[in-house]
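Below is one structure; the comments refer to it alone.
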Amino acid sequence: MRPLVRAFFDEATNTITYLVRDPQGTACAVIDSVLDFDYASGRTDTRSADAVIAVIREERLDLQWVLETHVHADHLSAAPYLQEALGGKIGIGNRITVVQETFGKVFNEGTRFARDGSQFDRLFAEGDSVMIGQMRADVMHTPGHTPACLTYVIGDAAFVGDTLFMPDFGTARCDFPGGSAEVMFDSVQRILALPDDTRIFVGHDYKAPGREVYAWESTVGAQKALNVHVGAGRSRADFVALRQKRDATLAMPRLIVPSLQVNMRAGQMPEPEDNGLSYLKVPINGL
């Protein structure tokens with residue numbers, strides 16, 4: 001099956017949100033949605049999510065799943081906003097509990113913050129599958145960037161989150177808590193074992209040097225041949241050395257502090273305090 005895929009690019013965070021539709025019906029899923037956030041003012045905005053909602057309503061689609069490839073560190077998820085507007089279930093990998101435990105400590109969350117993944121409607125394990133209309137989405141656990149990263153394989157399309165970028169940009173960083181370049185290499189090999197004509201849809205694009213336009217779709221065959229980090233038969237040892245050297249030069253994502261606190265709650269803000277407002281913490285020297 002060849003699902004119909006529509007991409008929504010958010011230039012503020014270089015994130016691609018995907019609307020994935022059953023070609024034989026109206027069922028659809030949204031993968032890696034974006035809630036706009038202005039850090040300086042602490043204000044949220046829903047224009048990115050509203051653009052997705054508008055298409056779903058215009059085409060009279062049935063939103064069945066709002067899927068996360070992982071707990072994002074560079075943008076806030078709009079999953080609960082989409083769910084409230086259109087229904088559907090929110091899903092993420094079952095290793096979210098590891099992420100919640102790690103960052104529950106970083107942000108000194110109290111006992112009211114559940115670390116069992118119960119904020120989500122479904123926690124996926126390796127080998128799970130769900131139906132989106134007549135389409136089957138198969139779940140691959142592909143950690144390395146984070147412990148909870150998933151790839152969703154839907155027909156001839158694989159949605160890889162931050163595991164792979166476009167071939168001219170390589171792979172995602174592995175220096176976050178719970179990340180591992182060695183594990184990342186193994187996860188990438190599993191993705192590259194899919195058929196060569198499998199479409200690869202990446203979670204971000206930053207325009208590699210020399211490329212003038214944003215891009216987000218490639219194939220397994222192109223990744224195997226051309227990916228600058230893992231292509232052309234690069235060895236595990238060489239990849240690990242390259243990845244670790246590069247990661248040592250990278251700054252923290254601009255929105256990592258708010259993103260982690262919100263996304264580990266399935267896109268919900270921390271519980272309001274007695275004045276009715278929610279607050280985000282900044283751990284001094286904690287990241």
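Take segment 164-183 and flag every residue that is closer than 22 Å to GLU101 by Cα and under 15 Å from the mean Cα position of the chain (by Cα).
Selection gives ARG173, CYS174, PHE176, GLY179.
Report, by residue number, each residue of segment 4-37 that is surrounded by fewer than 20 Cβ atoms within 10 Å (Cβ to Cβ) and in a loop (DSSP other than H, G, I, E, B).
GLU11, ALA12, ASN14, PRO23, GLN24, GLY25, THR26, listed by residue number.
Out of all the residues in segment 256-269, is one or more under 18 Å from ASN108 (Cα atoms) and free of Cβ contacts under 8 Å to residues at least 12 places away in the same chain?
Yes: segment 256-269 contains one or more residues that are under 18 Å from ASN108 (Cα atoms) and free of Cβ contacts under 8 Å to residues at least 12 places away in the same chain.
Residue check: is GLN189 buried (at least 22 other Cβ atoms within 10 Å of the Cβ), modelled with pLDDT of 95 or more and polar (S, T, N, Q)?
no
Can you confirm whether segment 276-283 contains a residue that is of a type outside the set (Lys, Arg), at positive phi and in a loop (DSSP other than H, G, I, E, B)?
Within segment 276-283 (the criterion being of a type outside the set (Lys, Arg), at positive phi and in a loop (DSSP other than H, G, I, E, B)), the answer is yes, since at least one residue qualifies.
Provide a single number: the residues in segment 107-143 that are β-branched (Val, Ile, Thr), under 26 Å from LEU280 (Cβ atoms) and either at pLDDT 95 or above or in contact with a Ser or Thr (Cβ under 8 Å, 6 or more places away or on another chain) (or both).
Result for segment 107-143: 0.
Look through segment 173-209, keep the residues that are among the aromatic types (Phe, Trp, Tyr) and not in a loop (DSSP other than H, G, I, E, B), and return whichever of them is nearest to ALA148 (Cα to Cα).
PHE185
Scan segment 199-215 residue by residue and report those that are surrounded by 14 or more Cβ atoms within 10 Å (Cβ to Cβ) and under 19 Å from the mean Cα position of the chain (by Cα).
ARG199, ILE200, PHE201, VAL202, GLY203, HIS204, ASP205, LYS207, TYR214, ALA215, listed by residue number.
Take segment 261-275 and flag every residue that is assigned to a loop (DSSP other than H, G, I, E, B) and either touching a Gly at 6+ places or on another chain (Cβ under 8 Å) or of a type in the set (A, V, I, L, M) (or both).
Those that are assigned to a loop (DSSP other than H, G, I, E, B) and either touching a Gly at 6+ places or on another chain (Cβ under 8 Å) or of a type in the set (A, V, I, L, M) (or both): MET264, ALA266, MET269.
If we scan segment 237-246, do we find a residue that is in contact (Cβ under 8 Å) with a residue 12 or more places away in the chain and charged (D, E, K, R)?
yes
So which of PRO258, PRO253 is more than 22 Å from VAL139 (Cα to Cα), within 21 Å of the chain's Cα centre (by Cα) and in a helix (DSSP H, G or I)?
Unique residue meeting the criteria: PRO258.
Would you point out the residue of segment 78-125, among those that are among the aliphatic types (A, V, I, L, M) and part of a helix (DSSP H, G or I), that is surrounded by the most Cβ atoms within 10 Å (Cβ to Cβ)?
ALA79
I need the full set of residues from segment 210-242 which are assigned to a helix (DSSP H, G or I) and either β-branched (Val, Ile, Thr) or within 24 Å of GLU68 (Cα to Cα) (or both), in order please.
VAL220, GLN223, VAL240
The values are calculated or read from the model by the stated rules, or taken from the named source; none is laboratory data. Just so we're clear, the structure is a prediction, and the values are computed from it rather than from any experiment. Don't worry about glycine lacking a Cβ; one is built from the backbone with ideal geometry, like all the others, and counts go over all protein chains shown.
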